[in-house]
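A.B. asks: Pasting in a structure now, in structure tokens, and then I'll have a few things to ask.
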Amino acid sequence: MRIFWILLKKELHSFFVSPVAYVVLALVMILNGFAFRAALSVLESAPSEGSIVSWTFHAMWFWLSYFFIFPLLTMRLFAEEKKLGTLETLFTAPVRAWQVVGAKYLASVIVYCVLWLPSLFNFKFSSWISAGQVEVPAGAMQGAYLILVVMGMFNLAVGCFASSLTSNQIVAAIISFTLSLMHFLLGIFIMVVGRKISDSIVDVVNYFAATEHIRIFTAGLIDSRPLAYYLSLSLLFLAFTHHVVEFRRWRP
Amino acid sequence: MIDVQNLTKQYAGRTAVNNISFQVEPGEIVGFLGPNGAGKSTTMRILSGYMPATSGRALVAGFDVFHQSLDVRRAVGYMPEMAPLYTDMKVKEYLRFRAELKGLSGLAMRKRVGEVMELTGVNDMRRRLIGNLSKGYRQRVALADALVHRPKLLILDEPTNGLDPVQIRQVRDLLRNLKSKHTVLLSTHILHEVEQTCDRVVMIHQGRIRANDTPENLTRKLRSTTLLHLELEGPGNLAEKLTALPGVRKTTEEKLIVHPWRRFTLRVEPEHDVRDAVLELAMKQKWRVREMHRQLPTLEDVFVELSMNAGIPGDIPTHVL
């Protein structure tokens with residue numbers, strides 16, 4: 001466990017000394033600003049059932065930031081070490097593969113969580129500046145940030161796996177972007193086409209449709225099924241990553 | 001300290017290391033010598049627990065490199081070829097990170113990192129980013145990293161690669177000083193280095209061990225190839241008469257330089273010194289001699305010979321070994 005913390009500390013250090021974390025942070029803040037503004041203008045134009053929270057996370061701007069974050073955060077995790085050759089130095093120190101994979105993954109999850117902190121401020125600030133006129137329901141906030149973290153954990157695990165496959169960061173980014181996008185589009189596509197075939201398909205697809213999860217959670221409903229879905233898939237992709245990294249040691 | 005038995009490593013149909021066996025005793029400095037692509041790095045990677053062998057067995061400090069990989073890695077300080085380092089860390093930061101990974105902590109860790117920085121001469125650079133260091137300094141940071149946990153065995157893959165002559169001498173002196181505390185296995189393709197630093201040389205070529213002896217013994221065995229260069233003047237078939245001398249294996253006549261002078265090269269048996277006999281013969285035959293020069297071969301000659309001999313395994317010319 002001690003080794004794990006040392007590695008985690010080092011990974012966090014590399015995130016914050018490189019410009020990547022700050023660039024992504026700036027990007028997410030800008031896109032969040034747009035998403036927030038879009039939500040405000042919806043509420044301004046007409047009375048609405050949804051809260052400011054749910055409208056923010058339904059904005060196109062939110063999804064735009066959503067897809068850029070994961071490849072940017074995870075592409076260098078393994079690919080850079082392979083390129084530099086430091087994987088060899090790393091694995092000739094007494095460390096286990098799961099410690100390395102776990103530390104890299106957890107570091108990316110922590111950085112990812114930090115990215116969403118400024119958006120919390122948007123909601124608090126709007127409620128304060130309008131003297132409570134803009135309502136920010138606590139349940140919607142909790143639901144929204146819970147599903148954000150859990151969806152993030154899944155996509156970061158996918159990115160981690162993509163990075164372990166190659167020594168080229170660009171290739172890693174493309175693989176992780178494609179996998180995340182495919183997962184997202186599968187939900188959208190079948191939902192659109194499925195209505196024409198039968199409603200029962202839609203029910204099935206809703207289990208893994210990211211838009212549907214966001215809709216439920218930002219309404220303040222916390223459903224355990226998407227949580228279990230994302231967490232188990234994260235574990236699966238981390239196991240894949242572990243196997244890819246460890247494969248070197250078993251290849252005869 | 002190291003016990004390698006019938007180790008073989010194949011990559012995608014190519015045999016990088018072919019059934020090698022050798023031992024390294026505690027306290028020895030052993031040089032792993034061979035041309036590029038001979039299988040040195042592969043063997044070292046297997047010994048450091050980075051990759052498994054296809055077949056065979058290797059024990060390092062009493063631990064099996066495959067089944068007890070973590071114990072092996074704790075006992076070994078490994079410096080990979082090209083010294084890969086995290087370019088976004090500062091020297092001291094990096095060495096502290098590595099020391100902690102290898103089980104040091106607190107004050108002892110800080111003290112030890114200070115020691116190895118002093119020892120390897122990177123102290124002045126401790127606040128610099130590794131990415132901004134020159135090749136020589138990076139190499140030394142990698143060496144400091146290999147040393148930091150006081151390993152029983154140091155495995156250094158081309159430790160002087162890319163250094164200037166002054167730095168090479170410094171590293172060599174450093175290795176000599178380390179001898180009392182560590183066993184060292186280092187690889188190189190520079191012969192000079194081996195002759196000066198190592199107690200023993202393991203020569204490897206095309207994945208097979210071609211020689212395993214002290215540098216002195218190797219050079220002594222080499223004396224068998226002693227060459228004698230002669231320049232003389234005389235009539236008839238001189239080569240035949242020269243070859244008839246006891247101890248002379250072969251005589252070759254080289255191209256005429258200045259008429260009537262003739263140039264010969266004699267291959268002489270190890271225990272014979274034929275210079276007196278040649279002179280006596282020359283006086284008896286009334287030849288004129290204007291040059292006689294004996295050439296003792298260096299390790300370099302074996303190396304070149306081995307490298308050129310890309311042939312069948314075990315195909316080392318008998319006059320070389």
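A.B. asks: Looking only at A:23, A:171, A:111, which one moves most when chain A is put into a Gaussian network model with springs between Cα atoms under 10 Å?
C.D. replies: Result: A:23 has the largest fluctuation of those listed.
A.B. asks: For residue A:172, what charge total do you get from the other residues with a beta carbon under 15 Å from its beta carbon, if Lys and Arg give +1 and Asp and Glu give -1?
C.D. replies: Values: positive: A:76, A:82, A:83, A:104; negative: A:80, A:81.
Net charge around residue A:172: +2.
A.B. asks: Please compute the alpha carbon radius of gyration of region B:226-295, then divide it by the globular-protein estimate 2.2 N^0.38 Å. Two decimals is fine.
C.D. replies: On the way: Rg = 10.9 Å, N = 70, 2.2 N^0.38 = 11.1 Å.
Rg over 2.2 N^0.38 Å, computed on Cα atoms: 0.99.
A.B. asks: While we're looking at this one, here's another question. How many nm separate the modelled label positions at residue B:55 and residue B:15, each set 7 Å beyond the Cα in the direction of the Cβ?
C.D. replies: 0.9 nm
A.B. asks: Return the whole-Å distance between the Cα centroid of region B:1-72 and the Cα centroid of region B:241-255.
C.D. replies: Centre-to-centre (Cα) distance: 45 Å.
A.B. asks: Can you tally the net charge around residue A:52? Count Lys and Arg as +1, Asp and Glu as -1, for every other residue whose Cβ sits under 14 Å from the Cβ of residue A:52. Mind showing how you got there, number by number?
C.D. replies: Numbers: positive: A:37, A:124; negative: A:44, A:49, A:135.
Neighbour charge sum, excluding residue A:52 itself: -1.
A.B. asks: Which of these, B:158, B:28, B:100, has the largest mean-square fluctuation under a Gaussian network model of chain B (Cα springs below 10 Å)?
C.D. replies: The residue that fluctuates most here is B:100.
A.B. asks: Out of the GluC sites (Glu not before Pro) in region A:14-85, which ones are loop residues according to DSSP with at most 10 other C-beta atoms within 10 Å? Kindly include the intermediate steps, with their values, before the conclusion.
C.D. replies: Values: sites: A:44, A:49, A:80, A:81; in loops: A:49.
Listed in order of number, the matching sites are A:49.
A.B. asks: Now, a different point. Limiting things to C-alpha atoms, what are the Rg and the maximum Cα-Cα separation (Dmax) for region B:1-112, in angstroms?
C.D. replies: Looking at region B:1-112, its Cα Rg and Dmax stand at 16.0, 50 Å.
A.B. asks: What is the projected area of the convex hull of the Cα atoms of the protein assembly as shown, averaged over all directions, in nm²? Walk me through the intermediate numbers first.
C.D. replies: Values: hull surface 148.9 nm².
The directionally averaged projection comes out at 37.2 nm².
A.B. asks: A further question on this structure: Can you list the trypsin sites (Lys or Arg not before Pro) in region B:38-127 that are in a DSSP coil and have 11 or fewer other beta carbons within 10 angstrom?
C.D. replies: Numbers: sites: B:40, B:45, B:57, B:73, B:74, B:90, B:92, B:96, B:98, B:102, B:110, B:111, B:112, B:126, B:127; in loops: B:102, B:126, B:127.
Filter output for region B:38-127: B:127.
A.B. asks: What residues of region A:112-134 lie in the reach of a label at residue A:67, counting those whose backbone N is under 14 Å from a point 7 Å from the Cα along Cα→Cβ?
C.D. replies: No residue qualifies, since no backbone N sits under 14 Å from the label point.
A.B. asks: How charged is the neighbourhood of residue A:143? Take every other residue with its Cβ under 14 Å from the Cβ of residue A:143, and add Lys/Arg as +1 and Asp/Glu as -1. All intermediate terms of the calculation are to be shown ahead of the outcome.
C.D. replies: Numbers: positive: A:215, A:225; negative: A:212, A:223.
That works out to 0.
A.B. asks: If you put +1 on each Lys and Arg Cβ and -1 on each Asp and Glu Cβ, how big is the dipole of region B:226-295 around its Cα centre, in Debye rounded to 20?
C.D. replies: Numbers: 13 positive and 11 negative charges, 40 e Å.
Value, rounded to 20: 200 debye.
A.B. asks: Using the Cα centre of region B:226-295 as origin and beta-carbon charges of +1 (Lys, Arg) and -1 (Asp, Glu), tell me which of B:243, B:272, B:226 is placed farthest towards the positive end of the dipole.
C.D. replies: B:243
A.B. asks: Of B:90/B:111; A:10/A:82; A:83/B:92; B:92/B:181, which pairs sit farther than 19 Å apart, going by alpha carbon to alpha carbon? If you can, show how the numbers build up before the last one.
C.D. replies: Working: B:90/B:111 17 Å; A:10/A:82 17 Å; A:83/B:92 23 Å; B:92/B:181 23 Å.
Violating the 19 Å limit, Cα to Cα: A:83/B:92; B:92/B:181.
A.B. asks: How high is the relative contact order of region B:226-295? Use alpha-carbon pairs under 8 Å, at least six apart in sequence, and give a whole percent.
C.D. replies: Details: 120 pairs, mean separation 33.0, N = 70.
This gives 47 percent for region B:226-295.
A.B. asks: So, one more: Can you sort A:113, B:198 so the residue with the fewest Cβ neighbours within 10 Å comes first?
C.D. replies: A:113, B:198
A.B. asks: Continuing with this model, one more query. Counting other beta carbons within 10 Å of each residue's own, what order do B:66, B:32, B:22 fall into, fewest first?
C.D. replies: B:66, B:22, B:32
A.B. asks: Describe numerically, in nm with one decimal, the distance between label points set 7 Å from Cα along Cα→Cβ at residue B:87 and at residue A:2.
C.D. replies: 3.3 nm
A.B. asks: Order these peptides, A:152-161, A:116-125, by their mean beta-carbon neighbour count within 10 angstrom, highest first.
C.D. replies: Values: A:152-161: 27.1, A:116-125: 15.2.
Ranked from most to least packed, the peptides come out as A:152-161, A:116-125.
A.B. asks: In a Gaussian network model over chain B where Cα atoms closer than 10 Å are linked, find which of B:79, B:125, B:117 has the largest mean-square fluctuation.
C.D. replies: Maximum among the listed residues: B:125.
Here, each number is a calculation from the coordinates, and none is a lab measurement. Not measured: the values here are computed from a predicted model. No Cβ is skipped: glycine too gets one built from the backbone with ideal geometry, and neighbour counts run over all protein chains shown.
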